[in-house]
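**Student:** Sharing a structure below in structure tokens format, with a few things to ask.
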Amino acid sequence: MNLVSNGLSVQCYLMPKLTGKMRRRVQEMRNPNAMVSSVDLSHNESTRLAMDALLDRGIDGYQEVLIKENEANFLSAQEKTYILNNIKKPLTDSEEADRDEEMSSSPSVSSETYFPAVTESEPPVLDYGWPVADWSYHLQGIPSVEVFFHSVKSFSLKNLLRELIRQATKVLAIVMDTFSDVEIFCDILEATRKRNVSVYLILDHTNLQLFQDMCENVKINKSHLTRMSIRSIQGQTYCAKSGRKFTGQMKEKFIIVDCKKVLVGSYSLTWLSWQVHRSLAVLFKGSGVKPFDLEFRRLYAISKPVPGFTCHTSDPGDLCLPLRNSRSRWARR
């Protein structure tokens, strides 16, 4: 019996220790003579366990799981800091009840009713309408693409954007991570006042305070906003089994002009972005605008009004309302 037991112990000792998928991949890349395995795109359970440990027990728990799973350290210091600073604990029973009561008593125009997780409701109607009925982008011709780089000294990305805003006659739909540029803001306000352009502005929730600070600094408030909807949005949410979770940021950045052009890029609406940061922008025209139209409506549906900037109108002008029969596509969060 002892011989068998000892034999098993030796056998277990000699067995190679299981290696995490990322660590194994790194080891293969470090050894030029190693047999390289095919790329594995399946779920990595080790990283999920480590992430849950980070949310539940902090850095020490995260490191313990990495050692146990023999997995590589897959998070940068910046990512760990962001996660730890944005953890939300699960609601208590009383908090859950209060939230349910608040949601049941909230007006039906809230974004929660727009876009539930599973729904048979119709897609949301944008406050001021939309200039393309039935998503008829096939009528706008072959898509065209132009690429612009901030590194070209003879060219200004900011001037390109300002010219596009000046050309707008019906709608500006803006999705942006950061907005603190006063000049661009004035150009947008001028478009709403002088040309009756409707503006939909969706901002990342993390940097929303920068936009609010800009408005306060230049003394712009709700009374100055006509035909302008300002909303905020979060990124996607990672939730551990314990209920602890954190939410990401909005990294999509694009501006739709009259549903005929879209300026997509790495720029932000900030002074630094135009002056010192290296950015690029891609201008789509024609039927290539359609995917951005659909994405904007999805984002609008799950966004939330910004307190103090809610402004509605009962006169949508001559804009067409969006199609209201595509139910299943709007049921995805």
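**Student:** Mind checking which residues of the range 192-239 are of a type in the set (Gly, Ala, Ser), without any contact (Cβ under 8 Å) to a residue 40 or more places away in the chain and within 30 Å of Asp52 (Cβ to Cβ)? Let's see the steps before the verdict.
**Tutor:** The initial filter retains those residues of the range 192-239 that are of a type in the set (Gly, Ala, Ser), namely 198, 223, 229, 232, 235.
After this cut, where a residue has to be without any contact (Cβ under 8 Å) to a residue 40 or more places away in the chain as well, the list is 223, 235.
Across the range 192-239, the qualifying residue is only Gly235.
**Student:** Being at pLDDT 75 or above and touching a Cys at 6+ places or on another chain (Cβ under 6 Å) is the filter here, so list the residues in the range 131-163 that pass it.
**Tutor:** Matches in the range 131-163: Pro131 only.
**Student:** Quick test of your reading of the structure: Ser156 fulfils all but one of (1) farther than 27 Å from Val132 by Cβ; (2) touching a helix residue (DSSP H, G or I) at 6+ places or on another chain (Cβ under 7 Å). Name the failing condition by number.
**Tutor:** Of the numbered conditions (1) farther than 27 Å from Val132 by Cβ; (2) touching a helix residue (DSSP H, G or I) at 6+ places or on another chain (Cβ under 7 Å), the odd one out for Ser156 is (2).
**Student:** Could I ask something else about it? Thr237: exposed (fewer than 15 other Cβ atoms within 10 Å of the Cβ), of a type in the set (Ser, Thr, Tyr) and in contact with a strand residue (DSSP E or B) (Cβ under 9 Å, 6 or more places away or on another chain), yes or no?
**Tutor:** Details: exposed (fewer than 15 other Cβ atoms within 10 Å of the Cβ): yes; of a type in the set (Ser, Thr, Tyr): yes; in contact with a strand residue (DSSP E or B) (Cβ under 9 Å, 6 or more places away or on another chain): yes.
Yes: the conditions hold for Thr237.
**Student:** Here's a follow-up. Need at least 1 residues that are within 15 Å of Ile256 (Cα to Cα) and assigned by TED's automatic domain parsing to the domain that holds Pro307 per element, so show me which helices (runs of 4 or more DSSP H) inside the range 143-234 make the cut, counting only ones lying wholly within it.
**Tutor:** Values: elements: 157-167, 182-194, 208-217.
Hits in the range 143-234: 157-167, 182-194.
**Student:** Oh, and also: Mind listing whichever residues of the range 189-208 are within 23 Å of Pro131 (Cα to Cα) and buried (at least 21 other Cβ atoms within 10 Å of the Cβ)?
**Tutor:** If the condition is that a residue be within 23 Å of Pro131 (Cα to Cα) and buried (at least 21 other Cβ atoms within 10 Å of the Cβ), then Ala191, Val197, Ser198, Val199, Tyr200, Leu201, Ile202, Leu203 are the ones that fit.
**Student:** Applying the selection to the range 1-40, what residues are out of contact with any Lys or Arg (no Cβ under 8 Å at 6 or more places or on another chain), modelled with pLDDT of 75 or more, closer than 21 Å to Asn73 by Cβ and outside any helix (DSSP H, G or I)?
**Tutor:** Of everything in the range 1-40, those that are out of contact with any Lys or Arg (no Cβ under 8 Å at 6 or more places or on another chain), modelled with pLDDT of 75 or more, closer than 21 Å to Asn73 by Cβ and outside any helix (DSSP H, G or I) turn out to be Leu18, Thr19, Gly20, Asn31, Val39.
**Student:** For Ser242, are the conditions met, namely being among the hydroxyl-bearing types (Ser, Thr, Tyr) and in contact with an Asp or Glu (Cβ under 7 Å, 6 or more places away or on another chain)? I'd like the intermediate steps shown before the answer.
**Tutor:** Working: among the hydroxyl-bearing types (Ser, Thr, Tyr): yes; in contact with an Asp or Glu (Cβ under 7 Å, 6 or more places away or on another chain): yes.
It is true that Ser242 is among the hydroxyl-bearing types (Ser, Thr, Tyr) and in contact with an Asp or Glu (Cβ under 7 Å, 6 or more places away or on another chain).
**Student:** Continuing with this model, one more query. Report yes if some residue within the range 139-146 is crowded, with 18+ Cβ neighbours inside 10 Å and among the hydroxyl-bearing types (Ser, Thr, Tyr); otherwise report no.
**Tutor:** Pass one, the range 139-146, residues crowded, with 18+ Cβ neighbours inside 10 Å: none.
Scanning the range 139-146 turns up no residue that is crowded, with 18+ Cβ neighbours inside 10 Å and among the hydroxyl-bearing types (Ser, Thr, Tyr).
**Student:** Now, a different point. Which numbered condition in (1) buried (at least 19 other Cβ atoms within 10 Å of the Cβ); (2) closer than 30 Å to Phe246 by Cβ is the only one that Glu216 fails?
**Tutor:** Condition not satisfied by Glu216: (1).
**Student:** Can you pull out the residues in the range 58-79 that are surrounded by fewer than 19 Cβ atoms within 10 Å (Cβ to Cβ), free of Cβ contacts under 8 Å to residues at least 40 places away in the same chain and under 27 Å from the mean Cα position of the chain (by Cα)?
**Tutor:** Gly58, Ile59, Asn73, Leu75, Ser76, Ala77, Gln78, Glu79
**Student:** Anything in the range 235-278 that is of a type in the set (D, E, K, R) and assigned to a strand (DSSP E or B)? List them, or say none. So that I can check it myself, show each step before the final result.
**Tutor:** We begin by selecting, within the range 235-278, every residue of a type in the set (D, E, K, R); these are 241, 244-245, 251-253, 258, 260-261, 278.
If the condition is that a residue be of a type in the set (D, E, K, R) and assigned to a strand (DSSP E or B), then Lys245, Lys261 are the ones that fit.
The values are calculated or read from the model by the stated rules, or taken from the named source; none is laboratory data. Since the structure is predicted, the reported quantities are computational estimates derived from the model, not experimental observations. In this analysis, Cβ positions are derived from the backbone assuming ideal geometry, glycine residues included, and neighbour counts consider all displayed protein chains.
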